[in-house]
Structures are given as structure tokens and as C-alpha cells.
């Protein structure tokens, strides 16, 4: 929470508060503020009309922004990064490579026929979809197998084709010799030349895969428990529209087909692939967002109504808050920011802004109640409340805005947009509350009950006495916790970053989502659908890059994430014309006896491989679409791209291996000093980690610097400010020349601005240390979402320590019990609203957002604890018990 009301602006002060209010209005600054407020009240009709106009413009824009949530990784990265630019090049040159896998759990091999019947029915419907939605539907490898069997010899190395032809020649010569009885050797001494069909089959099955692994050429697992239907979308749109349309239409068709009851009860289905993952994350964000917003609304409503004892507090606080929040989203949608969609980092900014931005209204409304409790008329109470709260609440909003704003100095879009939205949200909520709040109070404030300030003060006086009753024990426990935290942080050195990106997916994805169905699909297919694509400038460059990547695969480079490499020459070999001549020669050499001696399967394979169709040189149009996915460009050519397929292993999600893969692949794609674009999710993920390593410390350093400035200004002496009286001497006389006790001298030293600034900063740093220590021992890691909790904690943590020390600085009390008793209610309510805002993330299934909520709430609580427990205990020990109480009223 940001800085709250300082000494003269808290709403839970003690005796003599009415007199203080009266005398506080004498300075010119306060009088000016009062005049502004009275002008606002005089023009309240126009203020309401202006607020309505802004709401009509801002609320629809906010709804549109929340209706466009993008969960793609590229939405988090700067647009100038190589991985993002490579995707732009890919979209200009290639059709999309998005696959939706419909994965059926058959419940057992006995249900495979029923599952295949369902796949046939669904595929027939999908084939009627518009081509821009789904252009290829695959139930198995029938087309690809027919192609490979027909053109098998053209897909082989030319030398292997020649070797096969020579083996057939030897066999034919041997048969001719035996038939003419020209063999001069004994029969058993003349071995029959073998045709190496089995050897060549094993070689090319290892290279291209064994189609025989699929029963009936269908995508059915070996155990018969999984059946897959693949749907390819050619869309390259970065929006969610095409993906959502396809998913919704497939779901509707599955429902209309009556699956599973119309086929075999007990079967179930799920979605897998890139489109499924994106849809799952996007829909999950909507669900988490809705639940979080409801939770924030319910808890904050309950807290506000309990604290103020009136339902009228809801519109008085809620209307300005919602207007300020929606105006923030509307403002950042304009140039130069143009933030018109949300990503996984910014999706919860609304809840967070509400949890933080409500503080200004809490302070203002409480101060109005306080002023009315001493007999002021409503309009006077509003004017005095605004005059007494606008400065400290502006400082509070500025501190919070600066904490968020520190993120705008990063290139990482997930951080940068978070900073702009949060920073503007804090300031606009303050403006909305200070302008619209007084007007609403003038209409409805009279319906609020007048509550004595002692209502909350009595509760916190007991709390204050309890917290500081054992100061040395409190400090000893804090020291032990600090040491344990330091040890935990040291032990975790080098292991703070989350390198396994699979652990950042939704929790339910592993049970019933894409992370459950995806591995089942991959295991059934035996290959990846979305390879990394190197977009070379020309065929020559593509061939050079291919050889380099194959060398990396042989030597174990690129993090071991290279399983196979494919280019156009794998389906259109440059020597295929010469191969066709060899095929024609083989067709002439084959004798009926040779074919008869082959196994039936081999005999049929040989007949297809030497058929008239096989003797015609292949063209790009002959190749099935599935075999050139990622190679065929929009203009039809397929000779400029290199596809890199990773192995089916979890290391593809591990940042350590992704970094090596990215580095080595970009090096292999560098020709004449220029790196050819390399597009793929592995490179995107790797760039996210590298960007965060740079931007995270930068944002944290900026936030810390802002806190130092805030603390320096918070305790500075203003010109003409009234100084606190000098502690009384034993004779009961005030005076600079009076002899002071050692405790009094320490007290006087501790009230100096420099020490107070150091104490506030120390409290913040201690809170952050305890937070990170707790995270270290709990095994939490930093990722590209929760890293923002660190800079935010610096700014938010400044609130509690600065408020407590400012209040103590302004009082005659030698310890902080009085400050805690009077300020504790404000601090607690504001802290709770912030905890609610960040705590709403704890209900998220998305583990990135959940980890951010854990870190932010932990930082909030530890900074609050150091302010209300450690600081009072430290001051009590430093001042000692020999310091005499200061008589009189400091106010």
C-alpha cells in the first residue's frame, strides 16, 4: 500500500482533534485547498456531468481491452527482439503452422472401431469448414504412406538407388546363369545375390519414420487407448479470433454428434496442440479474472461496510474508484502507448488498481466522519477533510504510482505495460477521488453515520501495547529470522530463476487440459507438429544452414534439442531426374521370379516403387501438404526454409537447454555476418528469460531509488514549519540550554530527518529480506510474471514505515504506541485492501499469476510487520525507560 495520511491527516487521532482541525486551517495552503473544494461543490452539477461523459467514453474502452486478452508469449516481449521479428517474417512468407489435436481416450482397445467412426464423422464436418479456418484434416497417414510408397526410390539417396539397381542386376545375372546351366561351380558354392530391401527399409524408416506403427494407417496408439484427429489452420493472426472460432465450432460439432454416448459410453476427449494451449490459457485467464474480481469486490465491500458501518460508503468510494480505473485503461489505449489488449502479466491490473486506489477514498471518507464527529456542518467537514488529506494522499498515490512506474524503464512488454497501467491508475484514482469524491459526499455524505474516532482507537491502543510489550524479544526474534532469511537466500544463489517453463502452466492443465492431452497426442504420433523454422534468403543458404544444424545434432550441440532436420530436398531431391532413370532400369531388370520370391508386403512395395507414376520426376504439387508444412511459402516455393524438430522430451521447456538451442541455432543461421530469421516458441521462451534477467534488476534498482527519494522528502523540514517542543527538564522548564538526560538526547537525535529516513529505508529493506527469505525456504522461484513483485514491494513497503515514523515525529510520545494506536486502523484497512488486491491472484489456476500473488502478499505482510512491530520495539529499546514523558499537547 502506498503512503497514507501523515501526522495531521490521520482519521483516528486522539483527544483535542476538533481544536486541531480548527487551527490547522489557518495556513494559506489549507485555505487555498478549501476554496478549491468549495468551488467544486458550487459546480457539482457540471462535475457530475463531466464524470458521466468520461465514464461513457472510458468504460466501453475498458471492456474492449478486457475482451482482448492474449496469452501468447510474444505479447510479453519487445517487438525489436529477434524472435519476435522472426515471427513477423514468418507470417509474411508462410501459412500458419497451428494444429488442433482432437484426442480421444477410447477407454480400451475394444472401443477403437467406435472411436474411428467418431473421427470419420467429425472429420467430414471439419472438411466443410471455410479454408481460412481449417484447410487440412488428418485422420492418419494414408495419403502420406501412399505418396512415400509410390515415390520411395525418388526419396532415397541416389547412391542407395544405384546400389539397389546393381543388386537386382546381380540377382538377374545369377538367375540367368542358373537357367542356362552355365555355372561351372557346384550349386552350393554359388551364393544367391541378396537384394537389400530390409536394410534400406530400416535406414529410411529411421530417417522418415515408420508408417507401420499406425494400425490401419490411423492415428491410433499401440495400446489402442488413444485416437487422434489433426486439424490444421492456415491462420497467422496474432489475435484470438480464428483460434476461438475453430475451437467453438469443433466443440459444437462434437456435441451435436452425441459423443460419446452415440458411439461408445466411457470414452472422453480433449484438445492438444498450440491452438489448444493458447485457448486454454486465454479461457483460463477469463475464468481466473472473473473469480478474482468477484473475490476483490466481495471482500472490499465487506471490509468497507464493516469499517464505516454504512452501505452508503460503497457508492461514495466505489464510483470515483471505478471511474479512475476505467480512465486509466482508456488513457493507455491512446497513442503513444496503444495498450488495447491485456497479456498474462496485465490481466489482473484492474483488481490490483482497485485494491491500491481505494486508499485515497478510505482516507477522505474517514476524515469527513472525523470532522463531523466534532460538530462541523457537512460542507465544512468536506472542505476541511480534503484540505487535510490531499497532500498526504497525493504523496501516497505518487509513491504507489512510482513503484509501478519503475517498470516503464524496462523493454519487457509484460513489465512495461504493467508499469504504465499501474502508474496511471494510481494517479487517476487519486484525481477522481479528490474531484468527484467531495461532490458525491455533498449529496450522500449526510446519510453516513457520525462515528466517534475513539471507536477504532481503543482497539489499536491495546494492539499497540501488546506489540511493544516485549521489545527485546521482538528484536531478537527478528534478528533470528533475518539471519535465517540471509542463509536461505545464500543457499539459493543461482537457483532463483524458474527455468522449466512447463511449471508455469495452469495447474488444471496437467489434470484435464493440454498438458495432459498433449503428451498423449505426441506419444501417439511420435513426432512434433510445430518445429522451429529457419527462414533462409535462398536455397543455397538453406543448404548451408542445414548442414551446420545436422553437425550440431551429431555433436550434441544446441542443448540436445535437435532430433531431426528437414528441408525441401527431403521430399524433392535435386537428383530425382537421375533417380527416375535408375527406377526405369530397375523395372526392366525385375523378373517375375524375383517378385515371386519376395514377401507379399515387399512385393507390393516394389511394384509401387517401379510403377509408371514412380518413373515420373516429382514436383512440388505432388507432395502432400502435411509433408511440406513449414516449408511451403505463400508463393508456392518450398526450397528456402529449414525445419528443426526437437525430441519428444520435457527439456524443450527448460530455459537452460532453450538458451543453448537459441544461441547455437542463430549462430548456424548466420551467413556473411547476417543472421537469417529463426522462428519458434523455443526462441520466444528463451528471449523472455534473457530479457527478464536484464530488465528485472533494472526495475528493482529504479524502484529502490524512488523509495530513497520519497523517504528523503517525507521527513524533510518545511520552511516555517512549527518544531516540536524540547523535552522538559527536571525543573519542568523548556529550553535549549536545559540539561537533558541521555534518553532525551537519544530521542532528540532519533527525531532528526536523516535518522528517520534511514530507519524507514531499513524497515523496507528488512521487510524485503524477510520476504525473500521466506520464499527461499519455501522453494519459490522468480519468473517473468512474479519478478514485478520486487520493485512494487519497495514502493508499497515505504508506506507503513514512513507513516509510522511521521506520526511519531509529530507527537510528544517517546515511543510509537500512540502513533500505532491512532494510525493503526488506517494502516490496517489500507493494508488489507492491498492484500485483497494482490491476494485475488491466489485463486488463479495460472501458476505464474499465483506465484506473483504469493510474492506480493508476502512482501506486503513482511513490510507491514517491520513497520508496526520492529520499528516500535527498536525505538523503545533505543530511547530507554529513563526518558520522561513529554507533557502538553503537541498539536
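We did not get these values from a lab; they are worked out from the coordinates using the rules stated. These numbers were taken from a predicted model, which means no experiment stands behind them. When we count neighbours, we look across all protein chains shown, and the Cβ atoms used for this are built from the backbone with ideal geometry, even at glycine.
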Once you put a point 7 Å from the Cα of residue 745 and another 7 Å from the Cα of residue 262, both along the Cβ direction, what distance in nm separates them? 9.3 nm
Based on alpha-carbon atoms only, what is the radius of gyration of the range 24-150 relative to the globular estimate 2.2 N^0.38 Å? 2.21
The range 352-374 to the range 863-879: how many Å between their Cα centroids? 26 Å
Computed FRET value (nearest 0.05) for residue 117 with residue 255, which takes r as the C-beta separation and R₀ as 22 Å: 0.85
Just the Cα atoms of the range 320-426: what Rg and Dmax do they give in Å? 16.5, 54
If we count other beta carbons within 10 Å of each Cβ, what is the order of 204, 308, 151, fewest first? 204, 308, 151
Could you check the spin-label model distance between residue 842 and residue 602? Points 7 Å from the Cα along Cα→Cβ, value in nm. 6.9 nm
Scaled to the compact-protein estimate 2.2 N^0.38 Å, what is the alpha-carbon radius of gyration of the range 298-340, rounded to two decimal places? 1.59
If you project the alpha carbons of the range 589-699 onto their three principal axes, what span does each projection cover, largest first, in Å? 78, 33, 25
Taking just the alpha carbons, could you work out the radius of gyration and Dmax for the range 462-600, both in angstroms? 31.8, 106
Most exposed first, judged by fewest Cβ atoms within 10 angstrom, 331, 49, 364, 64 run 49, 64, 331, 364
Proxy exposure order for 368, 628, 709 (fewest C-beta within 10 Å first) is 709, 628, 368
What's the FRET efficiency of residue 311 with residue 49 using the Cβ-Cβ distance as r and R₀ = 22 Å, to the nearest 0.05? 0.30
What FRET efficiency would be calculated for the residue pair residue 131, residue 537, taking the C-beta separation as r and a Förster radius of 30 Å, to the nearest 0.05? 0.55
If you take the C-alpha gyration tensor of the range 234-350, multiply each eigenvalue by 5 and take the square root, what semi-axes do you get, largest first, in whole Å? 39, 23, 10
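Could you calculate the contour length gain from residue 563 to residue 622, that is, 0.36 nm times the residue separation minus the distance between their Cα atoms, to one decimal place in nm?
Extra length from residue 563 to residue 622 when fully extended: 18.6 nm.
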